[in-house]
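Structure first, commentary second.
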Amino acid sequence: MSFRLVVLVSGSGTNLQALLDAAADDAFGATVVAVGADRTGIEGLARAERAGVPTFVVRVGDHPTREEWDERLTERIADHKPDLVVSAGFMKILGPRVLGAFSVVNTHPALLPAFPGAHAVRDALAYGVRVTGCTVHLVDAGVDTGPVIAQEAVSVREGDDEESLHERIKTVERGLLVETVGRMAREGWTLTGRAVRLGSGNVAGHTAQGSTSGRTTK
Ligand code: GRF
(Lines give C-alpha, C1' and ligand atoms only; values in the text may rest on other atoms or scores of the structure.)
Protein backbone atom coordinates (compact mmCIF):
# COMPACT_ATOMS: atom_id res chain seq x y z
CA MET A 1 0.00 0.00 0.00
CA SER A 2 1.36 3.40 -0.99
CA PHE A 3 2.03 6.31 1.36
CA ARG A 4 -1.06 8.54 1.24
CA LEU A 5 -0.82 12.28 0.53
CA VAL A 6 -3.56 14.87 0.90
CA VAL A 7 -2.46 18.07 -0.86
CA LEU A 8 -3.94 21.48 0.06
CA VAL A 9 -3.99 24.25 -2.57
CA SER A 10 -5.33 27.77 -3.08
CA GLY A 11 -4.14 28.68 -6.57
CA SER A 12 -2.53 27.45 -9.76
CA GLY A 13 -1.36 24.15 -8.30
CA THR A 14 1.90 23.69 -10.19
CA ASN A 15 3.49 22.14 -7.08
CA LEU A 16 0.51 19.79 -6.85
CA GLN A 17 1.01 18.91 -10.53
CA ALA A 18 4.65 18.06 -9.86
CA LEU A 19 3.53 15.65 -7.10
CA LEU A 20 0.83 14.14 -9.33
CA ASP A 21 3.36 13.61 -12.12
CA ALA A 22 5.92 12.08 -9.75
CA ALA A 23 3.31 9.79 -8.18
CA ALA A 24 2.44 8.35 -11.59
CA ASP A 25 5.62 6.28 -11.15
CA ASP A 26 5.21 3.57 -8.50
CA ALA A 27 8.85 4.02 -7.52
CA PHE A 28 7.94 7.41 -6.03
CA GLY A 29 6.32 5.53 -3.15
CA ALA A 30 3.43 7.95 -2.50
CA THR A 31 -0.01 8.61 -3.98
CA VAL A 32 -2.07 11.80 -3.95
CA VAL A 33 -5.35 10.45 -2.54
CA ALA A 34 -7.19 13.79 -2.33
CA VAL A 35 -6.78 17.51 -2.94
CA GLY A 36 -8.35 20.08 -0.64
CA ALA A 37 -8.83 23.81 -1.14
CA ASP A 38 -10.09 26.87 0.71
CA ARG A 39 -11.79 28.25 -2.40
CA THR A 40 -13.52 27.10 -5.60
CA GLY A 41 -12.70 27.88 -9.23
CA ILE A 42 -8.93 27.44 -9.04
CA GLU A 43 -6.62 25.65 -11.43
CA GLY A 44 -5.31 23.52 -8.58
CA LEU A 45 -8.71 21.82 -8.24
CA ALA A 46 -8.99 21.45 -12.03
CA ARG A 47 -5.59 19.69 -12.08
CA ALA A 48 -6.81 17.22 -9.46
CA GLU A 49 -10.04 16.57 -11.36
CA ARG A 50 -8.13 15.96 -14.60
CA ALA A 51 -5.96 13.46 -12.73
CA GLY A 52 -9.06 11.70 -11.35
CA VAL A 53 -8.17 12.61 -7.76
CA PRO A 54 -11.07 13.39 -5.36
CA THR A 55 -11.34 17.02 -4.22
CA PHE A 56 -12.96 18.90 -1.37
CA VAL A 57 -13.42 22.59 -0.59
CA VAL A 58 -13.72 24.00 2.93
CA ARG A 59 -14.14 27.79 2.89
CA VAL A 60 -13.48 29.89 5.97
CA GLY A 61 -16.44 32.13 5.07
CA ASP A 62 -18.89 29.22 5.19
CA HIS A 63 -18.16 28.70 8.90
CA PRO A 64 -19.27 30.86 11.84
CA THR A 65 -15.82 30.72 13.42
CA ARG A 66 -12.27 29.91 12.44
CA GLU A 67 -12.39 27.03 14.97
CA GLU A 68 -15.32 25.43 13.16
CA TRP A 69 -13.49 25.81 9.86
CA ASP A 70 -10.47 24.09 11.41
CA GLU A 71 -12.68 21.27 12.68
CA ARG A 72 -14.44 20.77 9.35
CA LEU A 73 -11.15 20.84 7.44
CA THR A 74 -9.74 18.23 9.83
CA GLU A 75 -12.74 15.97 9.17
CA ARG A 76 -12.50 16.33 5.40
CA ILE A 77 -8.77 15.59 5.43
CA ALA A 78 -9.29 12.62 7.80
CA ASP A 79 -11.82 11.10 5.36
CA HIS A 80 -8.81 10.28 3.15
CA LYS A 81 -6.59 8.82 5.90
CA PRO A 82 -3.38 10.61 4.91
CA ASP A 83 0.09 9.64 6.09
CA LEU A 84 1.17 13.21 5.29
CA VAL A 85 -0.62 16.46 4.42
CA VAL A 86 1.18 18.74 1.95
CA SER A 87 0.39 22.45 1.98
CA ALA A 88 1.39 23.48 -1.55
CA GLY A 89 0.43 27.10 -2.06
CA PHE A 90 -2.40 26.86 0.51
CA MET A 91 -2.89 30.46 1.58
CA LYS A 92 -4.47 29.94 5.01
CA ILE A 93 -2.87 29.41 8.41
CA LEU A 94 -3.77 25.89 9.49
CA GLY A 95 -5.48 25.57 12.89
CA PRO A 96 -4.65 23.45 15.94
CA ARG A 97 -7.07 20.64 15.04
CA VAL A 98 -5.46 19.98 11.66
CA LEU A 99 -1.95 20.29 13.09
CA GLY A 100 -2.81 18.01 16.02
CA ALA A 101 -4.22 15.31 13.77
CA PHE A 102 -1.68 15.11 10.92
CA SER A 103 1.95 15.61 10.00
CA VAL A 104 1.96 18.59 7.64
CA VAL A 105 4.69 19.94 5.35
CA ASN A 106 4.63 23.29 3.61
CA THR A 107 6.60 24.70 0.71
CA HIS A 108 7.63 28.35 0.99
CA PRO A 109 9.29 30.56 -1.68
CA ALA A 110 12.16 31.93 0.45
CA LEU A 111 15.04 30.69 2.57
CA LEU A 112 13.36 30.61 5.99
CA PRO A 113 13.64 32.09 8.54
CA ALA A 114 14.12 34.99 6.10
CA PHE A 115 10.93 36.37 4.58
CA PRO A 116 8.07 34.37 6.12
CA GLY A 117 4.47 35.19 5.22
CA ALA A 118 2.39 35.61 2.11
CA HIS A 119 4.69 38.03 0.22
CA ALA A 120 8.04 36.29 0.54
CA VAL A 121 9.27 36.99 -3.00
CA ARG A 122 8.23 40.65 -2.92
CA ASP A 123 9.82 41.08 0.52
CA ALA A 124 13.12 39.47 -0.58
CA LEU A 125 13.30 41.76 -3.62
CA ALA A 126 12.47 44.83 -1.54
CA TYR A 127 15.19 43.93 0.95
CA GLY A 128 17.72 43.66 -1.87
CA VAL A 129 19.06 40.16 -1.20
CA ARG A 130 21.21 38.64 -3.96
CA VAL A 131 20.27 35.06 -3.06
CA THR A 132 16.88 33.72 -2.03
CA GLY A 133 15.28 30.33 -2.63
CA CYS A 134 12.74 27.91 -1.25
CA THR A 135 12.13 25.87 1.88
CA VAL A 136 10.19 22.70 2.62
CA HIS A 137 9.37 22.57 6.32
CA LEU A 138 7.17 20.87 8.86
CA VAL A 139 4.25 23.08 9.86
CA ASP A 140 3.81 24.24 13.43
CA ALA A 141 1.44 26.81 14.93
CA GLY A 142 3.47 29.81 13.72
CA VAL A 143 3.64 31.45 10.30
CA ASP A 144 6.40 29.57 8.39
CA THR A 145 8.25 28.84 11.64
CA GLY A 146 8.29 25.01 11.63
CA PRO A 147 11.42 22.83 11.46
CA VAL A 148 13.23 23.04 8.11
CA ILE A 149 13.50 19.81 6.12
CA ALA A 150 15.15 21.00 2.89
CA GLN A 151 16.20 24.24 1.22
CA GLU A 152 17.58 25.30 -2.13
CA ALA A 153 19.05 28.64 -3.17
CA VAL A 154 18.07 30.76 -6.19
CA SER A 155 20.07 33.81 -7.30
CA VAL A 156 18.35 37.14 -7.78
CA ARG A 157 19.17 38.58 -11.24
CA GLU A 158 19.51 42.18 -12.37
CA GLY A 159 16.10 43.35 -13.53
CA ASP A 160 14.14 40.64 -11.72
CA ASP A 161 10.62 41.59 -10.72
CA GLU A 162 8.37 39.63 -8.37
CA GLU A 163 6.92 37.56 -11.20
CA SER A 164 10.18 36.59 -12.90
CA LEU A 165 11.88 35.74 -9.61
CA HIS A 166 8.90 33.77 -8.31
CA GLU A 167 8.74 31.75 -11.54
CA ARG A 168 12.44 30.84 -11.23
CA ILE A 169 11.97 29.93 -7.56
CA LYS A 170 8.94 27.81 -8.39
CA THR A 171 10.91 25.76 -10.92
CA VAL A 172 13.39 24.85 -8.17
CA GLU A 173 10.65 24.56 -5.53
CA ARG A 174 8.71 21.89 -7.45
CA GLY A 175 11.78 19.69 -7.69
CA LEU A 176 12.65 20.17 -4.03
CA LEU A 177 9.09 19.38 -2.89
CA VAL A 178 8.91 16.20 -4.98
CA GLU A 179 12.31 15.03 -3.79
CA THR A 180 11.56 15.78 -0.13
CA VAL A 181 8.06 14.29 -0.01
CA GLY A 182 9.28 11.22 -1.91
CA ARG A 183 12.07 10.67 0.61
CA MET A 184 9.68 11.14 3.55
CA ALA A 185 7.40 8.50 2.03
CA ARG A 186 10.13 6.01 1.19
CA GLU A 187 12.54 6.51 4.06
CA GLY A 188 10.58 8.08 6.93
CA TRP A 189 11.78 10.88 9.16
CA THR A 190 12.47 11.77 12.76
CA LEU A 191 12.12 15.10 14.50
CA THR A 192 14.28 15.82 17.53
CA GLY A 193 13.95 19.37 18.76
CA ARG A 194 14.06 21.32 15.50
CA ALA A 195 16.24 18.79 13.71
CA VAL A 196 14.52 16.81 10.96
CA ARG A 197 16.37 13.72 9.83
CA LEU A 198 15.24 11.88 6.73
CA GLY A 199 15.83 8.19 6.35
CA SER A 200 15.33 7.28 9.96
CA GLY A 201 11.60 6.80 10.52
CA ASN A 202 10.14 4.08 12.68
CA VAL A 203 6.38 3.88 12.95
CA ALA A 204 3.96 6.47 11.53
CA GLY A 205 2.82 8.85 14.22
CA HIS A 206 5.04 7.28 16.88
CA THR A 207 6.30 9.62 19.60
CA ALA A 208 9.13 8.71 21.94
CA GLN A 209 11.70 10.51 24.05
CA GLY A 210 10.97 13.95 22.69
CA SER A 211 11.20 12.75 19.10
CA THR A 212 8.49 12.18 16.58
CA SER A 213 8.90 10.03 13.55
CA GLY A 214 6.92 8.81 10.65
CA ARG A 215 7.27 6.58 7.66
CA THR A 216 5.34 4.63 5.16
CA THR A 217 3.12 2.02 6.76
CA LYS A 218 3.23 -0.36 3.80
C1 GRF B 1 4.51 28.60 -4.33
O2 GRF B 1 5.62 29.40 -4.63
C3 GRF B 1 4.32 28.45 -2.85
O4 GRF B 1 5.50 28.32 -2.14
C5 GRF B 1 3.65 29.76 -2.53
O6 GRF B 1 2.73 29.93 -3.57
C7 GRF B 1 3.21 29.28 -4.74
C8 GRF B 1 2.16 28.29 -5.16
O9 GRF B 1 2.33 27.91 -6.49
N10 GRF B 1 3.08 29.77 -1.22
P11 GRF B 1 1.42 26.78 -7.16
O12 GRF B 1 -0.04 27.05 -6.78
O13 GRF B 1 1.89 25.45 -6.64
O14 GRF B 1 1.63 26.94 -8.64
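The values are calculated or read from the model by the stated rules, or taken from the named source; none is laboratory data. The structure displayed is predicted, hence computed values, not measured ones. Because the Cβ atoms are built from the backbone with ideal geometry, glycine has one as well, and the counts that use them run over all protein chains shown. Note: areas computed on protein heavy atoms with side chains; ligands, DNA, RNA excluded. Shrake-Rupley method; radii C 1.70, N 1.55, O 1.52, S 1.80 Å.
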Report the residue count in the range 73-96 for those that are more than 16 Å from the ligand (Cβ to nearest atom) and free of Cβ contacts under 8 Å to residues at least 60 places away in the same chain. 8
Search the range 160-187 for residues that are among the acidic types (Asp, Glu) and pair each with any residue that is assigned to a helix (DSSP H, G or I) and open to solvent by less than 40 Å² (accessible area, probe 1.4 Å) when their beta-carbon atoms are under 8 Å apart and the residues are at least 6 apart or on different chains. 162/121; 173/15
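Can you find, within the range 147-195, the residue that is nearest to residue 116 (Cα to Cα) among those that are small (Gly, Ala, Ser) and surrounded by 16 or more Cβ atoms within 10 Å (Cβ to Cβ)? Reasoning before the result, please.
Kept after step one, since they are small (Gly, Ala, Ser), are these residues of the range 147-195: 150, 153, 155, 159, 164, 175, 182, 185, 188, 193, 195.
From what is left, the residues that are surrounded by 16 or more Cβ atoms within 10 Å (Cβ to Cβ) are 150, 182, 185, 188.
Working: 150: 15, 182: 25, 185: 26, 188: 26 Å.
Looking at residues that are small (Gly, Ala, Ser) and surrounded by 16 or more Cβ atoms within 10 Å (Cβ to Cβ), I get 150.
Could you grab me the full set of residues in the range 158-176 that are of a type outside the set (Lys, Arg), within 12 Å of the ligand (Cβ to nearest atom) and within 24 Å of residue 86 (Cα to Cα)? Break it down into steps so the answer makes sense when it comes.
Filtering the range 158-176 for residues of a type outside the set (Lys, Arg) gives 158-167, 169, 171-173, 175-176.
Pick out the ones that are also within 12 Å of the ligand (Cβ to nearest atom) and you get 162-163, 165-167, 169, 171-173, 176.
Correct list: 163, 165, 166, 167, 169, 171, 172, 173, 176.
Conditions tested, residue by residue: (1) under 24 Å from residue 143 (Cα atoms); (2) open to solvent by 20 Å² or more (accessible area, probe 1.4 Å).
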{"residue": "9", "(1), (2)": "yes, no"}
{"residue": "49", "(1), (2)": "no, yes"}
{"residue": "64", "(1), (2)": "yes, yes"}
{"residue": "75", "(1), (2)": "yes, yes"}
{"residue": "84", "(1), (2)": "yes, no"}
{"residue": "95", "(1), (2)": "yes, no"}
Test for residue 210: is it over 24 Å from residue 26 (Cα atoms), at pLDDT below 95 and over 13 Å from the mean Cα position of the chain (by Cα): yes
Within the range 129-142, tally of residues that are over 17 Å from residue 85 (Cβ atoms) and open to solvent by 40 Å² or more (accessible area, probe 1.4 Å): 2
Is it the case that some residue within the range 97-114 is within 15 Å of the ligand (Cβ to nearest atom) and more than 17 Å from the chain's Cα centre (by Cα)? yes
Conditions: (1) buried (at least 21 other Cβ atoms within 10 Å of the Cβ); (2) among the small types (Gly, Ala, Ser); (3) within 16 Å of the ligand (Cβ to nearest atom). Residue 30 meets all but one. Number of the miss? (3)
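With the structure loaded, tell me whether residue 42 is in contact (Cβ under 8 Å) with a residue 24 or more places away in the chain, open to solvent by 70 Å² or more (accessible area, probe 1.4 Å), within 14 Å of the ligand (Cβ to nearest atom) and among the hydrophobic types (A, V, I, L, M, F, W, C) or whether it fails that test.
Details: in contact (Cβ under 8 Å) with a residue 24 or more places away in the chain: yes; open to solvent by 70 Å² or more (accessible area, probe 1.4 Å): no; within 14 Å of the ligand (Cβ to nearest atom): yes; among the hydrophobic types (A, V, I, L, M, F, W, C): yes.
Spelling it out, it is not the case that residue 42 is in contact (Cβ under 8 Å) with a residue 24 or more places away in the chain, open to solvent by 70 Å² or more (accessible area, probe 1.4 Å), within 14 Å of the ligand (Cβ to nearest atom) and among the hydrophobic types (A, V, I, L, M, F, W, C).
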Does at least one position in the range 1-15 carry a residue that is more than 17 Å from the chain's Cα centre (by Cα), modelled with pLDDT under 95 and either of a type outside the set (Asp, Glu) or under 25 Å from residue 151 (Cα atoms) (or both)? yes
